[in-house]
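Since the structure comes first, as structure tokens, the remarks are kept for the end.
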Amino acid sequence: LTSMLAIHNTENINVLNSNFSSNEIFDDTIRVVYSNKINFNNIEIRNANADAIDIDISNNISLKDVKIYDSGNDGVDFMESIAEVKNLNVNNSGDKGISVGEKSNITIKNSNIINSKIGVAAKDNSIVKIYNTKFDNNYFQLAGYAKNWRYNGGGYIDIYNSKFRSIKNRFSVLKDPDTKKNNVNLRLKQNSKINIFNSAIDGEVIREGKNIFLN
């Protein structure tokens, strides 16, 4: 239960019209685990010590009109979860704007992800569907990779009617960008795929890996 707000092993919780900022003692500002039907609506989080929102092993999660600024690690981190995200704004996350891992299934709509190391990362047999979302000046706009051998493969991203803007728009399906050359993760099954449909890209496109398709 180590977070500013912990939601643990419960269901039917609404967190509405609230502000959270500058947690110092524990890692995450908000953590949800083993829960169902959790709704966040009109939430603002600033200066998270690590992840702003960490959601583990939970289903029917809804994030709507959530704003996240200057998190030390990820804006939102999903593990083994099912969620829908609408009107999310993530600005200046230390690692990922949205991290999706461990066989999660996440839908993202009408959102903005700005100035993060990775805009959206899909890992370990996770599926991410993205619609009408803006990616602005993330070092990697999108990345898919395998990190945990238990899930037998990487992540899959389908993105529609979205916009990318950066001097260099990097898309990667090779490996975890933080992995060193001698790390065991390089031996994992790196079969991630990124499909980009009907989307505008402003700036140079850099593709790392073969399974990146601009349609």
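The values are calculated or read from the model by the stated rules, or taken from the named source; none is laboratory data. Model, not experiment: these values are computed from the prediction. Note that each Cβ is placed from the backbone with ideal geometry, even for glycine, and that neighbours are counted across all protein chains shown. The accessibility values were calculated without ligands, DNA or RNA, using every heavy atom of the protein model including side chains. Shrake-Rupley method; radii C 1.70, N 1.55, O 1.52, S 1.80 Å.
Below 8 Å, C-alpha to C-alpha, sequence gap of six or more: please give me the relative contact order for the stretch 59-166 in percent.
Relative contact order here is 21 percent.
I'd like to know how the stretch 5-127 sits against the 2.2 N^0.38 Å rule of thumb: what's its Cα Rg over that expected value?
Computed over Cα atoms of the stretch 5-127, the ratio equals 0.92.
With +1 assigned to the C-beta of every Lys and Arg and -1 to the C-beta of every Asp and Glu, and no other charges, what is the dipole magnitude of the stretch 102-215 about the Cα centre in debye, to the nearest 20?
Roughly 300 debye, rounded to the nearest 20.
Once you have the Cα-Cα distance between residue 25 and residue 210, take 0.36 nm times their residue separation minus that, and quote the gain in nm to one decimal.
Taking 0.36 nm per residue and subtracting the Cα distance, the gain is 62.3 nm.
Could you please state, rounded to a whole Å, how far the C-alpha centre of the stretch 151-178 is from the C-alpha centre of the stretch 65-125?
Using only Cα atoms to place each centre, the spacing works out to 13 Å.
Averaging sequence separations of C-alpha pairs under 8 Å and six or more residues apart, then dividing by the length of the chain, give the relative contact order as a whole percent.
12
Could you tell me what percent of the accessible area of the chain is made up of carbon and sulfur, with a 1.4 Å probe and every protein chain present?
Using a 1.4 Å probe with all protein chains present, the chain comes out at 43 percent carbon and sulfur.
I'd like the accessible area for residue 99, computed on protein heavy atoms only with a 1.4 Å probe and all protein chains in place. Round to 10 Å², please.
0
Students often forget the sequence filter, so: which lysines lie under 29 Å Cα-Cα from residue 37 once same-chain residues fewer than 8 apart are removed?
64, 67, 86, 96, 103, 109, 123, 129, 134, 147
State in Å² the accessible area per residue of the chain; use a 1.4 Å probe, count heavy atoms of protein chains only, and round to the nearest integer.
Dividing the accessible area of the chain by its residue count gives 47 Å².
Based on the inverse mean of 1/r over its pairs of different Cα atoms, what is the Kirkwood hydrodynamic radius of the chain, in Å?
16.9
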